Amino acid sequence: MEMTHAKQAAPAAAAMTTREAAIRLLEGDTRPWAEGEPFTVRFYQPEDGYGVARLIYAVYGNGYPIDTFYIPEQLTEENRAGRIKSVVARTSSGEVICHFSLHRSSAPNPDMYEAGLGLTHPAYRACGAFERCFTLLFSLVENNSVTAIFGEAVCNHTITQKMAEPAKLVETALEVDLMPADTYAKERASDGRVSCLMYFRIGADQRRPLYIPDCYAAEIRFMMEGITLKRELLGSSGSQPLPADSELQTESFSSSGVCRCSIIRPGQDLAGRLAALEDDLRSRGYALLECFVPLGVPEAAYSVAALRTAGFFLGGFLPCWFGDDGLLMLKLFGTAGFDSIKLFSERGKAIMAMVRADWARACGHGR
C-alpha cells in the first residue's frame with residue numbers, strides 16, 4: 001500500500017514471517033480508512049500486499065484461516081508463482097479496498113483453481129468495486145488461462161451467490177457448517193457456523209469414466225446438469241477385491257475446526273481408519289470432517305458404503321476434483337445449522353433438500 005503513512009508500514013510488513021507477527025502489525029495500524037475515493041482495478045502487484053492484509057484484517061479481524069493473506073511477502077510469492085491469481089481495487093491514495101482471487105487449494109487436480117477471498121471494505125460496498133474485480137478475474141477463464149474453477153459462496157447472505165450465473169458457475173454441492181462463526185464476528189454477520197455452497201465451471205475437458213454409486217445416482221445426475229462434461233457413465237457395485245491398507249490424504253484446519261480427507265484408494269481397514277480419525281478430531285474439538293471420494297475408479301461404491309455406515313451424509317458432486325470427478329461426504333460433530341442457511345437459486349435449494357434428507361438418514365448411523 002502506498003498511501004502517505006503506509007510507505008513506512010509496508011517495509012516492516014515485509015519482515016513479518018509468521019501469522020502472529022503480521023497480525024500484531026495490523027493491530028497497531030490504527031489509521032482511518034479514507035472514504036469515497038476513486039479507484040482502479042488491476043491484477044495484483046507486489047506493492048498491494050500490505051493493503052490486502054490490511055483489508056482482510058479490517059473485515060475479518062484475526063479470524064481468517066489462511067495465513068498467506070495476512071503476510072504480504074507470502075502473497076506476493078504465491079502470485080508470482082501462479083498458485084494465486086489476485087485482482088485488487090486500489091484507490092487514488094493507495095488503499096486496497098477490494099480483493100478477489102483464484103488460488104490452488106484443497107483440490108488434488110493441479111488445474112483446478114478456487115475462486116475465493118472476495119471481499120470489499122464496508123465503505124466501498126455500493127460502488128461496484130467487487131463486480132469490477134470479479135469481471136477482471138474471470139477474464140482468465142474466458143481466455144482459457146484457467147480451465148477449471150470452483151468457488152465456495154457463504155450462505156449467511158446471498159450476495160456472492162447472485163454473481164454465479166453471470167460467471168457461468170453451477171452449484172453442485174453444499175458444505176454444511178464449514179466456517180466458524182468467529183470468522184464473521186467482526187461484522188456480526190453470523191450467530192453460528194456458516195455453510196458454503198460450492199460452484200464449478202469446467203472449460204477444457206476430456207472423456208473420463210464416472211462410476212456412480214447406486215445410492216446417489218439420482219442426486220449425482222441432477223448435480224451434473226448444466227456442466228458440460230464428457231463422461232462414460234458406469235455402475236459402481238463395490239464388489240471388487242480390496243487391498244489390506246487404505247490410502248488416505250488428510251488436511252487439517254485447526255483454526256476453523258475442519259479436516260478434509262481424500263480416500264485415494266479404499267482398503268479393508270477403511271472403517272477402522274475413519275473411526276480413528278473421527279476420535280482424534282473429536283478429542284481436539286473439531287466441528288466437521290469432509291471426505292472426498294474419487295468417482296473415476298470402480299471402488300467408489302465401497303468407499304461410499306463405508307462412509308454411510310459411519311454416519312456420513314451427502315455433500316455433493318465435485319467435477320474434475322481429482323482430475324476425475326469426486327463425491328463429497330460430510331460428518332458433523334455437532335448440531336447441523338440448516339435453518340440458518342440462506343440460498344438464492346432454486347437449484348441451490350434443491351441441492352440443500354437432497355443434502356438435508358441424507359443428513360436425516362445419517363443421524364441414525366455412526367457415532
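The values are calculated or read from the model by the stated rules, or taken from the named source; none is laboratory data. Here the structure is a predicted model, which means the values were calculated and not measured. Positions of Cβ are backbone-derived with ideal geometry, glycine not excepted, and every protein chain shown enters the neighbour counts. For accessibility, only protein heavy atoms count, side chains too; no ligands or nucleic acids. Shrake-Rupley method; radii C 1.70, N 1.55, O 1.52, S 1.80 Å.
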Practice item. Could you look at the chain and say what percent of its accessible area is carbon and sulfur, using a 1.4 Å probe and all protein chains? Key: 51
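From the Cα gyration tensor of the range 81-184, with a ≥ b ≥ c the square roots of its eigenvalues, which class applies: rounded if a/c is under 1.5, or else prolate if a/b is larger than b/c, or else oblate? Write down the numbers at each step before the final one.
Details: a/c = 1.57, a/b = 1.15, b/c = 1.37.
Oblate, because a/c is 1.5 or more while a/b does not exceed b/c.
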Study note, to complete from the structure: Taking Cα atoms only, helix 19-28 is inclined relative to the longest principal axis of the chain by an angle, in degrees rounded to 10, of 40
Practice item. Over all alpha-carbon pairs of the range 233-363, lay out the pair-distance distribution in 10 Å bins, whole %, shortest bin first. Key: 12, 42, 36, 10, 1
Exercise for review: With a ≥ b ≥ c taken as the square roots of the eigenvalues of the C-alpha gyration tensor of the range 198-237, please select rounded if a/c is under 1.5 and otherwise prolate if a/b is larger than b/c or oblate if it is not?
Suggested key: oblate
Point to revise | Between 0 and 90°, nearest 10: helix 49-60 axis offset from the chain longest Cα axis | key: 70
Revision key, fill the gap. If one builds a Gaussian network model of the chain from Cα atoms under 10 Å apart, the most fluctuating residue listed among Arg125, Arg201, Arg265 is Arg125
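Beyond 32 Å, what share of the Cα-Cα pairs of the chain is found? Please give it as a whole percent. Each step should come with its number before you reach the end.
Values: 22430 of 67161 pairs.
When every Cα pair of the chain is considered, 33 percent fall beyond 32 Å.
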Review point. In vacuo Debye scattering of the range 133-259, one point per C-alpha: log10 I(q)/I(0) at q = 0.10, 0.15, 0.22 Å⁻¹?
Key: -0.48, -0.99, -1.30
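Sort largest first and round to whole Å: the equivalent ellipsoid semi-axes of the range 37-112, each the square root of five times a Cα gyration tensor eigenvalue. Could you put the intermediate results ahead of the total?
On the way: eigenvalues 92, 43, 22 Å².
Semi-axes, largest first: 21, 15, 10 Å.
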Review point. If eta is 1.306 mPa s and T is 10 °C, what Stokes-Einstein diffusion coefficient results for the range 188-264, Kirkwood Rh from Cα pairs, in µm²/s?
Key: 96
Practice item. Determine, for the chain, the count of lysine pairs separated by eight or more sequence positions (or lying on different chains) whose alpha-carbon distance falls under 29 Å. Key: 21
Point to revise | Ordering of 163-173, 25-35 by packing [mean C-beta count within 10 Å, highest first] | key: 163-173, 25-35
**Study point:** the chain: relative contact order in percent, alpha carbon pairs under 8 Å with at least 6 residues between
**Key:** 14
Exercise for review: May I ask for the Kirkwood hydrodynamic radius of the range 255-327, worked out over all distinct Cα pairs and given in angstroms to one decimal?
Suggested key: 12.8
Revision key, fill the gap. Simple SL model, points at 7 angstrom along Cα→Cβ for Ala275 and Ala244; separation in nm is 1.9
Study note, to complete from the structure: Computed over the chain: longest principal axis from alpha-carbon atoms vs helix 129-142 long axis, angle to nearest 10 degrees, is 50
Check your understanding: What is the pair-distance distribution P(r) of the range 298-367, computed from all Cα-Cα distances in 5 Å bins starting at 0, with each bin given as a whole percent?
Key -> 4, 14, 23, 24, 18, 12, 4, 0
Review point. What per residue convex hull volume, in Å³, do the alpha-carbon atoms of the range 233-274 yield?
Key: 100
**Study point:** Using θ = phi - 60° and Karplus 6.51 cos²θ - 1.76 cosθ + 1.60, couplings along the range 71-88 (whole Hz; Gly, Pro as x)
**Key:** 10, x, 5, 5, 5, 5, 5, 5, 5, 4, 7, x, 6, 10, 10, 9, 10, 10
